[in-house]
Amino acid sequence: MTLKATPLNSAHRALGAKMVDFGGWDMPVNYGSQIEEHHAVRSDAGMFDVSHMCVVDLEGANARSFLRGLLANNVDKLQTPGKALYSAMLNPEGGVIDDLIVYFFREDWFRLVVNAGTAEKDVAWMRQQNDATNSGLAITQRRDGENAIALVAVQGPNARAKVWQVLPEAQAATEAMKPFNVAIVADTAFGEAMVARTGYTGEDGFEIGVPTAQVENLWNALVAAGVKPAGLGARDTLRLEAGMNLYGQDMDESVNPLDAGLGWTVDLASERDFIGKAALQAKGQQTQFVGLILREKGGILRAHQKVIAASGNAGEITSGTFSPTMQQAIALARVPMDVQVGDTVHVEIRDKKLAASVVKLPFVRNGKVLAA
């Protein structure tokens, strides 16, 4: 199978990146030291090629009403152009088809950014629902052709200042911008730029969308401004420290968002109906999504390890790693409802049962360790 390549593939190779197959995409796992890349994001500024993710524009008079029924979160929270919302798209059984961000530009124009591995499935589902509801929307993937948009995420305490060095035209539109907002900046050195403040690392920063033909120039300009390229390895340790789910690992179509720690993204309170609502109301929440810190030496926390509560009830780890910031083994886990923050549980690692503490997520936010 030929791997798909982002428009930055040659730039990664020029920097000596170690490339891996990530869901059918040829992506950089690191550029030498994953640990250095991780620390650069926590202490200064690092950047990720996220052009494998897919920008989807929904255009038409019925865009808002369509999204009211499609998403578990309520797009009626988006009343000011430039606001963004994190949500999940569910199947009728309440399982997560994908998690995504929706940006509101106009009543007849909403933009979604969906995950790479699920993009084709997501767009097919949206088109199916568009037909089923006679919404009459134009649903456009902005991944190919002359209107394609490539995405770069710049994250870290100095990320915004370094982006403004490279995109001075964006400073006025984004300096006062709060998290979960977006601006379109018309005339930059890299064409029209979408600049959003919706990161995935627990640090501040921007996600920048520019025309595909310009993204390598943007990348190189950011490198020249002192932004450190970072690969999938650092992205995973950073998002795990930030307590953020990864689709396909912490949730999928067999997991409902209430059990994946995403209850805050589900609006069950309003009268609005949405796909999967009835199933969520019928099932309710069966498990809790928590953080674990390993308290005994002798293992690393990994996905699918069994977690045994004091009651004898069992859960499982969904993602685990060694935290470069905390210098401890940490994990995200789905555990029984009787487990409390502060409890000690035991994780089965090979033939041992090692003690771990249950903590509230996130582990790290804005460079500070919050869970100890």
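Observations
- When you restrict to C-alpha pairs under 8 Å that are six or more residues apart and normalise by the size of the stretch 213-372, the relative contact order lands at 23 percent.
- Radius 14 Å from Cβ of Val163, net charge of other residues (Lys, Arg +1; Asp, Glu -1): -2
- Amide hydrogen proximity for Glu253: with H placed 1.01 Å from N in the peptide plane, the residues at 5 or more positions away or on another chain lying under 5 Å are Val96.
- Between the stretch 251-293 and the stretch 321-337, the Cα center-to-center distance that results, in Å: 22 Å
- Relative to the 2.2 N^0.38 Å rule of thumb, the stretch 247-355 has a C-alpha radius of gyration ratio of 1.18.
- Placing +1 on the Cβ of every Lys and Arg and -1 on the Cβ of every Asp and Glu, with no other charges, gives the chain a dipole of roughly 900 debye about its Cα centre.
- Entries in Lys121/Lys277; Lys83/Lys283; Lys18/Lys306 that, when Cα-Cα distance is taken, lie over 28 Å: Lys83/Lys283; Lys18/Lys306
- Proximity of backbone amide H atoms, modeled 1.01 Å from N, is registered between Trp109 and Gly60 at under 5 Å, excluding neighbours fewer than 5 places apart on the same chain.
- Put a plus charge on the Cβ of each Lys and Arg, a minus charge on the Cβ of each Asp and Glu, and nothing anywhere else: the dipole of the stretch 282-372 about its Cα centre is then about 200 debye.
- Positive-end residue, the chain charge dipole about Cα centroid, Cβ charges, pick of Thr140, Ile275, Ala153: Ala153
- Loop exposure criterion: GluC sites (Glu not before Pro), DSSP state outside H, G, I, E and B, at most 13 other Cβ atoms within 10 Å. Applied to the chain, the longest stretch between such sites is 1-106.
- Extension gain (nm, one decimal) between Lys360 and Ala14, 0.36 nm per residue minus Cα-Cα: 120.5 nm
- Per-residue surface analysis assigns Val341 an accessible area of about 100 Å², computed on protein heavy atoms at 1.4 Å probe radius.
- Pairwise inverse Cα distances across the chain, averaged and inverted, put the Kirkwood hydrodynamic radius at 21.4 Å.
- Loop-located trypsin sites (Lys or Arg not before Pro) in the stretch 250-308 whose Cβ has at most 10 other Cβ within 10 Å (DSSP): Lys297
- Counting only DSSP H runs of at least 4 residues, each contributing -39500 (n - 2.57), and dividing by the residue count of the chain, the helix-based mean residue ellipticity at 222 nm comes to -5500 deg cm²/dmol.
- Square roots of five times the Cα gyration tensor eigenvalues for the stretch 179-260, Å: 29, 16, 12
- Each Cα pair under 8 Å and six or more residues apart adds its sequence gap; the mean of these over the residue count of the chain is a relative contact order of 18 percent.
- The stretch 202-223-the stretch 28-74 distance, computed between alpha-carbon centres (Å): 12 Å
- Cα lying deepest toward the dipole's positive end in the stretch 217-372, options Gly315, Gln285, Val255, charges on Cβ: Gly315
The values are calculated or read from the model by the stated rules, or taken from the named source; none is laboratory data. Source: prediction; values computed, not measured. Glycine also receives a Cβ, built like all others from the backbone with ideal geometry; neighbour counts cover every protein chain displayed. With ligands, DNA and RNA removed, areas are computed over all heavy atoms of the protein, side chains included. Shrake-Rupley method; radii C 1.70, N 1.55, O 1.52, S 1.80 Å.
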